[in-house]
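Shown next, in structure tokens, is the structure this report addresses.
The values are calculated or read from the model by the stated rules, or taken from the named source; none is laboratory data. Small disclaimer: the values here were computed from a predicted structure and weren't measured. When we count neighbours, we look across all protein chains shown, and the Cβ atoms used for this are built from the backbone with ideal geometry, even at glycine.
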Amino acid sequence: MQSHTNVLLGHGSGGRLSHDLIRDIFIKAFYNPTLAKQTDAALLPVPPGQLAFTTDAFVVNPVFFPGGDIGKLAVAGTVNDLAVAGAKPAYLSASFIIEEGLPIEWLDKITQSMALEAKKAGVLIVTGDTKVVEKGKCDKIFITTTGIGTFTEGFYPIDEKNIMAGDKIIINGSIGDHGMAVMSARNDLNLQIPVVSDCASLNHLVKLVLGQSGDIRFMRDATRGGLGTVLTELCENKEFGILIHEETVPVKESVRGICELLGFDPLYVANEGKIVMVVKSGDADKIVSLLRQQPEGAEAAVIGEIVSNHPGKAWMKTAYGSSRVIDMLSGEQLPRIC
């Protein structure tokens, strides 16, 4: 067992300390027969046909925030990237860059959080790597995850080429929760109503939607850049436009209040548990009804539609009856958010 309370440079040396750290922290948390072999490459059974493959890096500050931590975020973020491609997430790798001096207790808490989220999502962490850098060379801990997903029965690749005027735009809940939760933790805001991150793996939710409709035209998780950036990217250089209605976009009052106080636009605040979907008009109501039966979709709503006018542009009808263009986020509204 680990006799040290903090991570040492020796834990990245490849020697006895590295072996002990891998055994006592990572193998213990992520145990499965594939990982336990500790080979340089995991040998994985996969079905024939297409695979979905993604990778992401996580540098959130602070590493612990209301509703989650960097470990939960790393698993959920990668699982969701696979899920919105229409794939069933199956395997993850995890690479850690750790700053010398990080409390072993923190590392254990982070890996346990990853293990719990992986179990909820039904994925296996099958391989990884650990590096330790000198104090001041990184900020506590950075995690890079890579994911593989498969297209088995009930899963199919999402092709946005099928989008057409009249299709409805759905989101599975309120926007801005993650960004404002991290903001409040980073700045020690003493909020009367705490804001909690929406960080969650949504692959089970996506599976339900895919089973309900074979006409899902588009899915994207609205992470950095928020809902506004997803909508802008969706219609950019396309022959269709987007119109959303401000009063239908769910925003918690606590999130709206912080945004107004600090000058943020909720449309561009990061989320880690929200998916934007474009679906055939006739399927919209039943998909929203299905989403609302699940905790991660309780506030699901149709927020707009694909339109034939103003091609290539996203517009929002405001609560006051005016309209404004939704543009892509310029610059970084809130850095180190995921």
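Assess whether I216 counts as being over 18 Å from the mean Cα position of the chain (by Cα) and exposed (fewer than 14 other Cβ atoms within 10 Å of the Cβ). Steps first, answer last, please.
Details: over 18 Å from the mean Cα position of the chain (by Cα): yes; exposed (fewer than 14 other Cβ atoms within 10 Å of the Cβ): no.
Taking the combined requirement at face value, the residue does not satisfy it.
Checked against the criterion of being touching a His at 6+ places or on another chain (Cβ under 7 Å), over 15 Å from P157 (Cβ atoms) and either at pLDDT below 90 or not aromatic (F, W, Y) (or both), segment 199-213 has at least one qualifying residue.
For the condition out of contact with any Leu (no Cβ under 7 Å at 6 or more places or on another chain), of a type in the set (F, W, Y) and buried (at least 18 other Cβ atoms within 10 Å of the Cβ), F30 qualifies. Residues in segment 65-115 that are within 19 Å of V7 (Cα to Cα) and in a strand (DSSP E or B) were compared, and the one that is farthest from the chain's Cα centre (by Cα) is P103. The number of residues in segment 266-296 that are farther than 16 Å from N203 by Cβ, touching a residue at least 24 places away in the same chain (Cβ under 8 Å) and charged (D, E, K, R) comes to 3.
Filter segment 164-194 for residues that are among the β-branched types (V, I, T) and surrounded by fewer than 20 Cβ atoms within 10 Å (Cβ to Cβ) and give the result. So that I can check it myself, show each step before the final result.
Let us first name the residues in segment 164-194 that are among the β-branched types (V, I, T), namely 169-171, 175, 182, 193.
If the condition is that a residue be among the β-branched types (V, I, T) and surrounded by fewer than 20 Cβ atoms within 10 Å (Cβ to Cβ), then I193 is the only one that fits.
Checking each residue in segment 173-198 for being modelled with pLDDT of 95 or more and either over 17 Å from Y268 (Cα atoms) or in the same structural domain as L73 (by TED's automatic domain parsing) (or both) picks out only V196. Taking the criterion of being within 19 Å of A118 (Cβ to Cβ) and either touching a strand residue (DSSP E or B) at 6+ places or on another chain (Cβ under 9 Å) or surrounded by 15 or more Cβ atoms within 10 Å (Cβ to Cβ) (or both), the residues of segment 44-63 that qualify are L44, V46, L51, A52, F53, T54, T55, D56, A57, F58, V60, V63.
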